[in-house]
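The values are calculated or read from the model by the stated rules, or taken from the named source; none is laboratory data. Computed from a predicted model, the values in this text were never measured in an experiment. Here the Cβ positions follow ideal geometry from the backbone for every residue, glycine too, while neighbour counts run over all protein chains shown. Heavy atoms of the whole protein, side chains included, go into the accessibility calculation; ligands, DNA and RNA do not. Shrake-Rupley method; radii C 1.70, N 1.55, O 1.52, S 1.80 Å.
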Amino acid sequence: MKILEDQALQPLNTFALPARGRYFCRAESVDDLREALAFSEAENLPILLLGGGSNVVLSRDFPGLVVHMALKGIERLEETADHCLLRAKAGEEWHAFVEHCLQGACFGLENLSLIPGTVGAAPIQNIGAYGVELRDRLESVEALDRATGETVRFANRECGFSYRTSVFKGRFRDRYIITAVTLRLDKRPAPVTTYGSVERELRAMGETDITPVRVSRAICNLRRRKLPDPAVLANVGSFFKNPLVSSEVFGRLKSRYEDLIGYPGPDHRVRLSAGWMIDRTGWKGCRRGPVGVHAGHALVLVNYGGASAGEILRLAREIRDSVREAFDVELEIEPRIY
Ligand code: FAD
Ligand code: EPU
């Protein structure tokens, strides 16, 4: 495997931030990853793993080895009349994998259509959309332990999944390199259309016979309408998480803001719509030089071209301040900042 020096990372992150990596390699196998680990250890350098770069903010040049995850391959491990187990390596593109599953009549990932990035990054924040999260379909995760060089397998219950997080983003942050993911999918279609806008979209499409392929199409339509395509307008999707508050806090806020949006969360708490709050505080569509808040969705910060991470983070700070002032609610940033 080639290890290059001084590599531009701008084409490798969907925010198009102009950081550089001191060293760079493209890992196509577990052996390549072991070689990368040996190099970083010998040179005493930190490692940055990059999949599609669609959930990172590169705030500076990276002083170590950037490893681009490029392990490819999909295999069907098991199939019965009811379910199938599919294993995909970490560098597979997520949406292409979803389409592969649908084409092979393995159902259950259709609500996660069109999420950018790689299969290997999907467990990091337990990707979720339109009423389904990765944890609902994941069987196990294979990973390389950076501390021991051993490969290990995590069963679903060992991944510590909850909304937009897992042990890989929390307790074990930076310890494991995910090399492959196995999904347990249905052979019998069981479309999930409970998320309000999905039902509306299917109706607008004139669909009465709801199939997984049609749900996937509806979700692609919704996403294309609402979210900017990073190839056209640089962004990392939602910049903030939807915050969780107690039912008392929700009740108090709701009596002040009748149209406040909240969804049932764990432990009788309520997950507030951060997009609605940011929209309500007047940020939607605002532009500050090369950065702004997307006109179609207030949760998405965009780089119109030439922005620095500092400009993005300053705008994010101002937004957090306004939301705190208006609602007394703290917003947490979703992408990982390096
Ligand atoms: P990267 O950005 O490359 O990496 C993210 C983090 O994971 C980094 O910390 C990186 O070091 C680490 N990492 C990457 N690969 C590995 C690996 N193999 N092993 C260990 N660590 C690894 N997310 C949602 O959940 N739901 C959405 O609906 C959604 N919509 C989006 C829409 C848009 C337009 C965009 C730009 C982003 C959206 N996202 C969404 C966020 C993003 O697509 C996901 O978080 C995705 O899983 C990131 O994949 P990636 O390969 O780009 O990860
Ligand atoms: N809303 C507004 N104004 C806005 C944006 C949204 O009022 O500018 C309102 C909408 O009208 C809607 C509600 O907020 O009633 C929720 O909006 P949406 O359906 O777009 O979902 P979200 O909560 O804003 C979350 C995820 C998305 C995911 C969608 C669909 C988070 C942080 N974001 O957004 O994930 O695609 O649901 O399930 O949970 C991502 O993580 O990067 C991401 C895009």
Legend entry - Residue that is surrounded by the fewest Cβ atoms within 10 Å (Cβ to Cβ) [pool: residues in the stretch 258-271 that are touching a helix residue (DSSP H, G or I) at 6+ places or on another chain (Cβ under 7 Å) and touching a residue at least 24 places away in the same chain (Cβ under 8 Å)]: Arg269
Inset, instruction - Check whether at least one residue in the stretch 104-119 is in contact with a strand residue (DSSP E or B) (Cβ under 6 Å, 6 or more places away or on another chain), at pLDDT 95 or above, open to solvent by less than 10 Å² (accessible area, probe 1.4 Å) and closer than 14 Å to Met69 by Cα, and report yes or no. - result: yes
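Name the single residue, out of those in the stretch 122-139 being touching a residue at least 60 places away in the same chain (Cβ under 8 Å) and surrounded by 21 or more Cβ atoms within 10 Å (Cβ to Cβ), that is nearest to the chain's Cα centre (by Cα).
Gln125
Conditions (1) open to solvent by 60 Å² or more (accessible area, probe 1.4 Å); (2) part of a loop (DSSP other than H, G, I, E, B); (3) within 20 Å of Thr179 (Cβ to Cβ); (4) not assigned by TED's automatic domain parsing to the domain that holds Pro123, marked per residue:
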| residue | (1), (2), (3), (4) |
| --- | --- |
| Pro11 | yes, no, no, yes |
| Thr14 | no, yes, no, yes |
| Pro18 | yes, yes, no, yes |
| Phe24 | no, no, yes, yes |
| Phe39 | no, no, yes, yes |
| Leu65 | no, no, yes, yes |
| Cys84 | no, no, no, no |
| Val98 | no, no, yes, no |
Inset, instruction - Among the candidates Arg146, Arg164, single out the residue that is farther than 21 Å from Ser113 by Cβ and open to solvent by 30 Å² or more (accessible area, probe 1.4 Å). - result: Arg146
Inset, instruction - For Gly53, work out the one condition from (1) in a helix (DSSP H, G or I); (2) at positive phi it doesn't fulfil. - result: (1)
